[in-house]
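Colleague: Take this structure first; my questions come after.
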Amino acid sequence: MRQDHLITATQLSRDDIEAVLDRARAVADDPAAYADRHAGRVLALCFFEPSTRTRMSFDSAAKRLGMNTIDMGDVDSSSVSKGESLSDTVRVIEGYADALVLRHPSEGAATLAGERVDVPVVNAGDGAGQHPSQTLLDLHTIREDHGLDDLTIGIMGDLKYGRTVHSLAAALTEFDANQHFISPESLRLPRSVRFDLHETGAQIREHEELDPVLDELDVLYVTRIQKERFPDENEYHRVAGEYRIDAETLDAAADDLTVMHPLPRVDEIAPDVDETEHARYFEQAHNGIPVRMALLDTLLENANPDGDEGTEVDR
């Protein structure tokens, strides 16, 4: 990987992605070989927004590498509630940890944090911006089923505010992938994201309905309509509940279609899909462990090429 921080998926080359995914596969095949690999190091979890999968999988991944973790805890019980700036918060926490995972409601927050600290920073979601570690586990899931070249993927739901969508779409431009984006007009990809995709020469098409393209897809990536991202609640209620799939919907799909979702879901994937051979979203979530182990291992290896013992010794 070319940098010590992982802020956006756009910083990742094809070689970067494949290197992390190859390491993730090695971790999954022989996790004991990576146990205690980073004993004595500390990972700081700084979540300014709610999280279950991302926070817990980073915590678990770090501990499986032999690391300790420290958690900023609830924002309301931290110094942030007293008016402390993000810049000051991360500069303080840098002194307690060897790497930092940050989730924040403001787009660009991870970029700011990366500019303020010298330890590796992983963007775990910055508003409607990016979520690159989610993208890596999404790509791992896709690669295990279909490979990443000669791929046709449909991405459906909230494309305007969905940071997982923005990251995944950017990363897929490094591969031979046809991308179909399915959403209501009001939740289309942001113009800036579409511009960036077109600049790379990406093969993309936009649709308002799933049916015309469903039988072409290798992967259907479904996202929920995110109420917390809507500045106008009336706009949310106008589109909530659209673009729902169930087992009957998938009758028209290819037998080997993979259905994914970054979770949490609300009602956009009916429970009866869980029992089909298409469902991969729980496996996708579980892939967060080997992928985030591989990512942390890579970042710490790059940040400490001489193999020093980390925070507990140095500070």
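Colleague: Looking only at region 110-122, decide whether some residue is within 20 Å of residue 287 (Cβ to Cβ) and open to solvent by 10 Å² or more (accessible area, probe 1.4 Å).
Modeller: Going residue by residue through region 110-122, those that are within 20 Å of residue 287 (Cβ to Cβ) are 122.
Restricting the remaining residues to those that are open to solvent by 10 Å² or more (accessible area, probe 1.4 Å) gives none.
No: zero hits.
Colleague: Residue check: is residue 91 farther than 30 Å from residue 202 by Cα, over 13 Å from the mean Cα position of the chain (by Cα) and among the basic types (Lys, Arg)?
Modeller: On the way: farther than 30 Å from residue 202 by Cα: yes; over 13 Å from the mean Cα position of the chain (by Cα): yes; among the basic types (Lys, Arg): yes.
The answer is yes for residue 91.
Colleague: For the subset of region 206-238 comprising residues that are hydrophobic (A, V, I, L, M, F, W, C) and not in a strand (DSSP E or B), which member is nearest to residue 137 (Cα to Cα)?
Modeller: The initial filter retains those residues of region 206-238 that are hydrophobic (A, V, I, L, M, F, W, C), namely 210, 213-214, 217, 219-220, 222, 225, 230.
Checking which are not in a strand (DSSP E or B) leaves us with 210, 213-214, 217, 225, 230.
Values: 210: 24, 213: 25, 214: 23, 217: 20, 225: 21, 230: 26 Å.
My answer is 217.
Colleague: Still on this structure, I have one more. From the set of residues in region 106-138 that are within 20 Å of residue 171 (Cβ to Cβ) and in a loop (DSSP other than H, G, I, E, B), which is modelled with the highest pLDDT?
Modeller: Residues of region 106-138 that are within 20 Å of residue 171 (Cβ to Cβ), as a first pass: 107-108, 110-111, 114, 120-138.
Keeping just the survivors that are in a loop (DSSP other than H, G, I, E, B) gives 107-108, 120, 127-131.
Details: 107: 90, 108: 92, 120: 96, 127: 85, 128: 81, 129: 80, 130: 90, 131: 93.
Result: 120.
Colleague: Checking the structure you have, find out if any residue of region 285-307 is open to solvent by less than 60 Å² (accessible area, probe 1.4 Å), at pLDDT 90 or above and closer than 17 Å to residue 157 by Cα.
Modeller: Checked region 285-307: no residue is open to solvent by less than 60 Å² (accessible area, probe 1.4 Å), at pLDDT 90 or above and closer than 17 Å to residue 157 by Cα.
Colleague: Does residue 268 count as modelled with pLDDT under 95, open to solvent by less than 40 Å² (accessible area, probe 1.4 Å), assigned by the TED database to the domain that holds residue 140 and not aromatic (Phe, Trp, Tyr)? Write out each step before concluding.
Modeller: On the way: modelled with pLDDT under 95: yes; open to solvent by less than 40 Å² (accessible area, probe 1.4 Å): yes; assigned by the TED database to the domain that holds residue 140: yes; not aromatic (Phe, Trp, Tyr): yes.
For residue 268, the condition - modelled with pLDDT under 95, open to solvent by less than 40 Å² (accessible area, probe 1.4 Å), assigned by the TED database to the domain that holds residue 140 and not aromatic (Phe, Trp, Tyr) - is met.
Colleague: Contact list please: Cβ distance under 7 Å, first residue in region 222-243 and touching a residue at least 24 places away in the same chain (Cβ under 8 Å), second residue in a helix (DSSP H, G or I) and of a type in the set (A, V, I, L, M, F, W, C), pairs at least six apart or on different chains.
Modeller: Listed by first residue and then by second, the contacts come to 223/165; 225/239; 239/187.
Colleague: Restricting to strands (runs of 3 or more DSSP E) lying wholly in region 10-105: which have 2 or more residues that are crowded, with 23+ Cβ neighbours inside 10 Å and hydrophobic (A, V, I, L, M, F, W, C)?
Modeller: Working: elements: 42-47, 68-71, 99-104.
In region 10-105, the matching strands (runs of 3 or more DSSP E) lie at 42-47, 99-104.
Colleague: Now a separate question. For region 196-205, which positions are assigned to a loop (DSSP other than H, G, I, E, B) and either under 16 Å from residue 158 (Cα atoms) or touching a Leu at 6+ places or on another chain (Cβ under 9 Å) (or both)? It would help to see each step written out before you state the result.
Modeller: Just the residues of region 196-205 that are assigned to a loop (DSSP other than H, G, I, E, B), to begin with: 200-202.
Residue satisfying the conditions is 202 alone.
Colleague: Out of all the residues in region 163-195, which are open to solvent by less than 30 Å² (accessible area, probe 1.4 Å), over 23 Å from residue 268 (Cα atoms) and part of a helix (DSSP H, G or I)? Steps first, answer last, please.
Modeller: So in region 163-195, the residues open to solvent by less than 30 Å² (accessible area, probe 1.4 Å) come out as 163-172, 175, 177, 179-184, 187, 189, 193.
Narrowing the set further to residues that are over 23 Å from residue 268 (Cα atoms) leaves 170-172, 175, 177, 193.
Hits for region 163-195 are 170, 171, 172, 193.
Colleague: Name the residue, out of 263, 296, that is of a type outside the set (Ser, Thr, Tyr) and in the same structural domain as residue 19 (by the TED database).
Modeller: Exactly one of 263, 296 is of a type outside the set (Ser, Thr, Tyr) and in the same structural domain as residue 19 (by the TED database), namely 296.
Colleague: Something else: State all residues of region 260-277 that are within 19 Å of residue 216 (Cα to Cα) and in contact (Cβ under 8 Å) with a residue 40 or more places away in the chain; if no residue qualifies, say none.
Modeller: Within region 260-277, 260, 261 qualify.
The values are calculated or read from the model by the stated rules, or taken from the named source; none is laboratory data. Bear in mind the structure is a predicted one, so any value in this text is a computation, not a measurement. Using ideal geometry, Cβ is built from the backbone for each residue, glycine included, and neighbour counts are taken over all protein chains shown. For the accessible areas, the whole protein counts, side chains as well, though only heavy atoms, and no ligand, DNA or RNA atoms are used. Shrake-Rupley method; radii C 1.70, N 1.55, O 1.52, S 1.80 Å.
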